[in-house]
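Heads up, the thing below is written out as structure tokens.
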Amino acid sequence: MKITAIEDFHAPGGGKTFSFLKVSTDEDLCGWSEFSVFIGSQGLSEVIRALASGVIGMDPRKGSRISSLLRARTRVADGGLNAQACAAIENACLDIEARALGVPVHRLFGGALRDRLRVYWSHCGSYRARGAQWLDKPPVRHLDDLVTLGREVRERGFGALKTNVLLFDERGARTWAPGFGMGEGHPELNLDPPLLQAIVDQMQAFRQGAGDEVGLALDLNFNYRPSGFKRIAQALEPLALTWLEMDLYDAQALADIRASTRTPIGSLEAIYGRRHALPFFNARAVDFAIIDPMWNGFSESVKLAALADSFEVNINSHAFSSPLGLLMGAQLCALAPNFHYVEMDVDQPPWSEGLFDSAPRIEKGQLLLPETAGWGIVPNEAVLSRQIPAANQLAPPGASRRADRSVPG
């Protein structure tokens, strides 16, 4: 079996772009993966195309060989877009290997420990604050809307929710993300007393609606300095958050934050691979490791989860994605003995269901792991082709190329 073509497809995802990679073979078998061109990953499609040209003609079932080759060719610029590009290609090849054998991807790694996985409602309120028009959902404009939304999470059976910092004024609600260069607060990343109080008020509103039985989590991303992270963690201690999520590149600084508070700390989604994650585990910097198969590649993610387990740290998947990315993360969590939660974007644009041959099954806040071959879900190429302009294709010399069909989110 040989790889004959590699194509990337893109579809509107409601304020972002859903991006998929298709690897085709000479035996009419293809594999799919999802990648992200959202914040910080602009230009990823071009990197994937550049790297993918070097694997045309290789056997996709020899994923270790392909992954090793790709990582060697990107070694001088490790991490970031290169890591995500390698991951997208590897993950699509794993889908092919599993489909060739007629098994789910997790069977290639020893098989699932569990077939039901608890999921948490991610970006709860954040998406409805900035994009309710894409979701066909009531918008979040006031703290009272968060109380109502928290009640919805509880009534729909989810065991936990995670949100981002929201600020409310006469214009409604807006997200606070200076760490990504968006809006005020950049580049100083200071935490002023009114902002701290707004964060406490936001989480109190969710607690009021969700009740004590629903876990609360807040994702602070890169939006503050360590001193600000500490103050937020300590201020939220009375609300008994399930975890507080944050990103830093300094392992000791993160460890100091964890030591300063009773609030559990989650992190590492932006740390690529075991080599870069090890200092954080050695420093005892996290209570929960956040691992993204779309960014690390599935095989490296399995090894990251095993590394976390050796330090008695449980894992959450990371996926702000379509159902394909969700199930890629779920298969990782199904394998890991140190499983905590699967991340799920519950709020999806209504048209996203038509992008796939099936939908994930959620029962009482738990995802039922599909036993169908590959990732358990397949993008509907015909629908993708009708909805957006043409996919980008890498093919053998002499083969025709389709026009660029990338669309902005």
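The values are calculated or read from the model by the stated rules, or taken from the named source; none is laboratory data. This one's a predicted model, so the numbers in the text were calculated from it and none came from an experiment. Glycine also receives a Cβ, built like all others from the backbone with ideal geometry; neighbour counts cover every protein chain displayed. SASA here: full protein model, heavy atoms, side chains in, ligands and nucleic acids out. Shrake-Rupley method; radii C 1.70, N 1.55, O 1.52, S 1.80 Å.
Along its principal axes, the chain has C-alpha extents of 63, 45, 41 angstrom, given from the largest down.
How big is the antiparallel share of DSSP beta bridges in the chain, given as a percent to the nearest 5? Provide the component values of the computation, followed by the final result.
Working: 30 of 53 bridges.
Beta bridges within the chain, antiparallel portion: roughly 55 percent.
What FRET efficiency comes out for the pair Lys303/Gln133, r = Cβ-Cβ distance, R0 = 60 Å, nearest 0.05?
Numbers: r = 41 Å, r/R0 = 0.69.
Working from the Cβ atoms, E equals 0.90.
Just need the Rg to Rh number for segment 46-195, please, alpha carbons only, Kirkwood Rh. With Rh from the inverse mean 1/r over Cα pairs, Rg/Rh is 1.11. Listed here are the pairs Lys230/Lys303; Lys62/Lys303; Lys16/Lys230; Lys22/Lys162; which of them are more than 24 Å apart at the Cα? In this structure, Lys230/Lys303; Lys16/Lys230; Lys22/Lys162 lie more than 24 Å apart at Cα. Between Glu237 and Gln197, the modelled label-to-label distance comes to 2.1 nm, taking each label 7 Å out from Cα in the direction of the beta carbon. In plain terms, the chain from Met182 to His142 could stretch by 12.3 nm, reckoned as 0.36 nm per residue minus the Cα-Cα distance. Ordering 211-217, 158-164 by mean Cβ neighbour count within 10 Å, with the highest value first, yields 158-164, 211-217. Rolling a 1.4 angstrom probe over the protein heavy atoms with all chains in place gives the chain an accessible area of 40 Å² per residue.
Under 14 Å from the Cβ of Trp375, count the other residues' Cβ atoms, weight Lys and Arg +1, Asp and Glu -1, and hand me the total.
-3
Note on segment 234-311: Kirkwood radius taken over Cα pairs, Stokes-Einstein applied at 10 °C and 1.306 mPa s, translational D equal to 125 µm² s⁻¹. Under the rule of -39500 (n - 2.57) per DSSP H run of 4 or more residues, summed and divided by the residues of the chain, what mean residue ellipticity at 222 nm is obtained, to the nearest 500 deg cm²/dmol? That calculation yields -11000 deg cm²/dmol at 222 nm.
Between the DSSP loop rule and a limit of at most 15 other Cβ atoms within 10 Å, which GluC sites (Glu not before Pro) in segment 290-379 are left? Walk me through the numbers before you get to the answer.
Numbers: sites: Glu300, Glu312, Glu343, Glu353, Glu363, Glu371; in loops: Glu312, Glu371.
Taking segment 290-379 and a limit of 15 other Cβ atoms within 10 Å, the loop GluC sites (Glu not before Pro) found are Glu312, Glu371.
How much FRET efficiency would the formula 1/(1 + (r/R0)^6) give for Asp250 and Leu29, where r is the Cβ-Cβ distance and R0 is 41 Å, rounded to 0.05? Calculated transfer efficiency: 0.35. A viscosity of 1.567 mPa s and a temperature of 4 °C, combined with the Kirkwood radius over Cα pairs in Stokes-Einstein, give a translational diffusion coefficient for segment 278-344 of 112 µm²/s.
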